[in-house]
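What follows is one structure encoded as structure tokens, with my remarks underneath.
No value in this document is a laboratory result; all are computed from the given coordinates. Since the model is a prediction, treat every value here as computed from it, not as a measurement. Cβ atoms come from the backbone with ideal geometry, glycine included; neighbour counts cover every protein chain shown.
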Ligand code: PMV
């Protein structure tokens, strides 16, 4: 199933920039939304350059995301500021950012990276997708490259796989691609607005995850027998969700997205050693969703590599859903 190649991120960066100059301007800025997958990305065919084994499909979280400003500085080291506070360059988060900048900048250029994330930081939700997409856009602006969206999507993918879907508002599909250099593995926007569509964050726990998504994917692909059926599952689910979006059929999209998330978690549970991100409160919330659905309310959930739920419903059911789940962070991806 694996098609590991030896192409490096640096080589892909070279392909993307295609000889463009690396002379910085005085300032570069980028802003990108977070995204939640309705059909999940789980498993890589190439770990070095984040190539997925399957396609995936997401919805962007509108106003929730990251904004980053880059400025060249005359200093020995970069400066990384997150939500107004300087981050220790030895931290994992800062190391990932510095390594990413190194792929694209000329040797010796130091930068001040000022990033703001409107995703509730304490929520423990993955912010890397919007973070790397905003960083890719800020680099493109700083150097004046004017890369095409598709190339910016590939560029963001090098930071974090799911970041390639954060280049667009609304629904987006990440095409898995087949090439070993990954130049055909990028996200494309899906046409169509769905103003009544709602996705809401239900926070269960903000504690750090026991296993990061990189390691969890690796372990699942290597040890879960159930994972062998995942690519076929995704092929069916993604077609179903695409059709559901085209028909504005919440039931079809919600049912499929929920099943897809549960199937992904099943492959994790089937891994050795098992990976279980759920807390008792996650299970209680799932049961509450099922109970409401049995009573006729159209509400569904999805979950990522953590204990929190994301509820999916339509605006007409907002009051009822929000009454049953106090403290929801509600997102209207297509505006109110
Ligand atoms: O892009 P990463 O490495 O943070 O992985 C994201 C994995 C999931 O959030 C669980 C699924 C997805 O498609 O976003």
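Counting only DSSP beta bridges with both residues in the chain, the antiparallel share comes to about 90 percent. Extension gain, residue 99 to residue 47: 0.36 nm times the residue separation minus the Cα-Cα distance gives 17.1 nm.
Pull out a ≥ b ≥ c, the square roots of the eigenvalues of the alpha-carbon gyration tensor of the range 197-331, then state rounded if a/c is under 1.5, prolate if not and a/b is larger than b/c, and oblate in the remaining case.
Working: a/c = 2.30, a/b = 1.35, b/c = 1.71.
It is oblate, given that a/c is not under 1.5 and a/b is not larger than b/c.
Could you please rank 39, 164, placing first whichever residue has the fewest other Cβ atoms within 10 Å of its Cβ?
Values: 39 30, 164 35.
Arranged by neighbour count, lowest to highest, 39, 164 become 39, 164.
Helix 92-104 and the longest principal axis of the Cα set of the chain meet at an angle near 50°. Under 10 Å, Cα contacts only: if you run a Gaussian network model on the chain, which one of 33, 55, 195 comes out with the highest mean-square fluctuation? In this elastic network of the chain, the residue with the biggest mean-square fluctuation among 33, 55, 195 is 195. Full extension of the chain between residue 109 and residue 225 yields a length gain of 37.1 nm, computed as 0.36 nm times the residue separation minus the alpha carbon distance. Normalised by the number of residues in the chain, the mean separation of alpha-carbon contacts (under 8 Å, six or more apart) gives a relative contact order of 21 percent. DSSP finds beta bridges in the range 11-149, and of those with both partners inside it, around 85 percent are antiparallel.
Which of the peptides 278-291, 180-193, 40-53 is most tightly packed, and how do the rest follow, going by the mean number of other Cβ atoms within 10 Å of each residue? It would help to have the intermediate numbers written out before the result.
Working: 278-291: 15.1, 180-193: 17.4, 40-53: 22.2.
Per-residue Cβ counts within 10 Å, averaged per peptide and sorted highest first, yield 40-53, 180-193, 278-291.
Each principal axis of the Cα cloud of the chain was evaluated for its coordinate range; sorted largest first, these ranges are 62, 41, 37 Å.
What residue among 312, 245, 199 shows peak mean-square fluctuation when the chain is described by a Gaussian network model with Cα springs under 10 Å? Comparing 312, 245, 199 in a Gaussian network model of the chain, the most mobile one is 245.
Tilt of helix 230-246 relative to the longest C-alpha principal axis of the chain, in degrees (0 to 90, nearest 10)? The helix 230-246 is inclined about 80 degrees to the chain. The range 193-217 and the range 145-183 have Cα centres separated by 20 Å. Using the Cβ-Cβ distance between residue 279 and residue 90 with R0 = 25 Å, the FRET efficiency computed as 1/(1 + (r/R0)^6) comes to roughly 0.25. Structure remark: mean-square fluctuation, Gaussian network model of the chain, C-alpha springs under 10 Å; the largest value among 213, 56, 117 belongs to 213. Centre-to-centre separation between the Cα atoms of the range 288-336 and those of the range 56-71: 21 Å.
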